[in-house]
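**Student:** Before I ask anything, here is the structure I am working with.
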């Protein structure tokens with residue numbers, strides 16, 4: 001998982017921003033195969049995705065789209081890295097036992113083909129060569145992986161597009177409404193506790209060659225955007241990448257955060273908590289204002305930082321609880 005986090009940071013820094021929106025169009029009347037329930041969508045790459053009807057047997061090649069499917073009441077028949085999803089995205093637990101289709105970066109074409117899916121949902125992070133192969137198996141709907149200029153809007157757009165492909169638009173409306181309500185509730189609780197306008201720095205970290213690297217979640221990150229909707233200020237001054245809004249620094253770079261709350265999500269089951277373990281005796285770490293004050297908050301495992309509305313609702317509950325305890 002740590003290797004994936006490093007790879008994701010590198011990928012997001014170089015990802016090409018792809019524009020596009022999902023639309024549902026009436027079936028072409030001159031098509032002999034068209035029915036009243038035929039669905040035509042335009043995905044994030046501008047590609048047309050044509051379905052005979054709402055997809056029922058769906059494969060998800062990335063955790064955020066799997067979360068969306070589960071949130072919409074669609075049990076995917078195939079999921080990339082089922083074990084990883086179960087560990088890192090507990091906000092929308094799987095309701096079935098989907099087939100593991102391999103890694104998120106390299107899904108198994110043979111395994112996916114054996115499932116005979118109606119639809120494969122991927123993100124724009126998946127290599128074009130892999131998408132080309134997948135299109136030989138079934139229609140592929142690509143959603144934009146991330147958008148630093150509007151993470152929350154992109155998250156909702158992705159959910160709505162998947163909902164149109166699966167005939168679950170009513171469920172999408174409810175999921176988005178629940179997310180908005182949770183934001184309002186969290187903001188109210190923080191203000192009541194005197195934390196409106198507080199600065200917060202969210203980060204994750206990993207260890208490579210015995211060195212701890214820190215990955216700041218800037219205002220352009222999904223969690224950064226959620227924090228700001230809660231009435232908090234992002235303490236990071238670094239510029240994040242144009243897709244995920246992530247930056248890079250080291251332990252010394254944490255000094256720029258100043259007197260702010262510090263929060264992170266580590267996965268204890270996979271041993272990915274450098275803040276608690278590797279930095280415990282580090283002089284630079286121990287000298288930081290938030291460390292001295294005990295204002296370091298490890299949020300619960302299983303909140304996927306790049307997920308959908310359900311993950312972000314779990315994040316709101318977790319960060320509000322941490323700051324108001």
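The values are calculated or read from the model by the stated rules, or taken from the named source; none is laboratory data. Quantities reported herein were computed from a predicted structural model and do not represent experimental measurements. Positions of Cβ are backbone-derived with ideal geometry, glycine not excepted, and every protein chain shown enters the neighbour counts.
**Student:** Of the conditions (1) crowded, with 16+ Cβ neighbours inside 10 Å; (2) on the phi < 0 side of the Ramachandran plot, residue 192 satisfies every one except a single condition; which number is it?
**Tutor:** It fails just one condition, (1).
**Student:** For region 119-129, how many residues meet the condition of being out of contact with any helix residue (DSSP H, G or I) (no Cβ under 7 Å at 6 or more places or on another chain) and either exposed (fewer than 15 other Cβ atoms within 10 Å of the Cβ) or assigned to a strand (DSSP E or B) (or both)?
**Tutor:** From region 119-129, those out of contact with any helix residue (DSSP H, G or I) (no Cβ under 7 Å at 6 or more places or on another chain) are 124, 126-129; that's our starting set.
Those left that are additionally either exposed (fewer than 15 other Cβ atoms within 10 Å of the Cβ) or assigned to a strand (DSSP E or B) (or both): 127-129.
Count: 3.
**Student:** Quick one: in region 72-86, which of the residues that are surrounded by fewer than 17 Cβ atoms within 10 Å (Cβ to Cβ) and in contact with a helix residue (DSSP H, G or I) (Cβ under 8 Å, 6 or more places away or on another chain) is farthest from residue 118 (Cα to Cα)?
**Tutor:** 73
**Student:** Does residue 64 count as modelled with pLDDT of 95 or more and assigned to a loop (DSSP other than H, G, I, E, B)?
**Tutor:** Spelling it out, it is not the case that residue 64 is modelled with pLDDT of 95 or more and assigned to a loop (DSSP other than H, G, I, E, B).
**Student:** Yes or no: residue 323 touching a residue at least 60 places away in the same chain (Cβ under 8 Å), assigned to a helix (DSSP H, G or I), more than 18 Å from residue 90 (Cα to Cα) and in contact with a strand residue (DSSP E or B) (Cβ under 9 Å, 6 or more places away or on another chain)?
**Tutor:** yes
**Student:** Which of the residues spanning region 163-203 are within 16 Å of residue 314 (Cβ to Cβ) and part of a strand (DSSP E or B)?
**Tutor:** Scanning region 163-203 gives a single hit, 202.
**Student:** How many residues does region 215-234 hold that are surrounded by fewer than 22 Cβ atoms within 10 Å (Cβ to Cβ) and closer than 20 Å to residue 275 by Cβ? I'd like the intermediate steps shown before the answer.
**Tutor:** Here is the first cut: in region 215-234, the ones surrounded by fewer than 22 Cβ atoms within 10 Å (Cβ to Cβ) are 219, 228-229, 231, 233.
Narrowing the set further to residues that are closer than 20 Å to residue 275 by Cβ leaves none.
Total meeting the criteria: 0.
**Student:** Now, a different point. Condition (residue is in a helix (DSSP H, G or I), crowded, with 19+ Cβ neighbours inside 10 Å and within 19 Å of the chain's Cα centre (by Cα)) applied to region 136-151: is it met by at least one residue? Full working, then the answer.
**Tutor:** Let us first name the residues in region 136-151 that are in a helix (DSSP H, G or I), namely 151.
Going one step further and asking which of them are crowded, with 19+ Cβ neighbours inside 10 Å, we end up with 151.
Now narrow it down to the ones that are within 19 Å of the chain's Cα centre (by Cα): 151.
Yes, region 136-151 contains at least one residue that is in a helix (DSSP H, G or I), crowded, with 19+ Cβ neighbours inside 10 Å and within 19 Å of the chain's Cα centre (by Cα).
**Student:** What are the pairs with Cβ atoms under 7 angstrom where one residue, in region 93-112, is without any contact (Cβ under 8 Å) to a residue 12 or more places away in the chain and the other, located anywhere, is in a strand (DSSP E or B)? Sequence gap at least six, or different chains.
**Tutor:** Pairs found: 108/102.
**Student:** Among the numbered criteria (1) surrounded by fewer than 20 Cβ atoms within 10 Å (Cβ to Cβ); (2) more than 21 Å from the chain's Cα centre (by Cα); (3) in contact (Cβ under 8 Å) with a residue 12 or more places away in the chain, which single criterion is violated by residue 132?
**Tutor:** Every listed condition holds for residue 132 apart from (3).
**Student:** State the number of residues belonging to region 39-51 that are assigned to a loop (DSSP other than H, G, I, E, B) and in contact (Cβ under 8 Å) with a residue 40 or more places away in the chain.
**Tutor:** Qualifying residue count for the region: 4.
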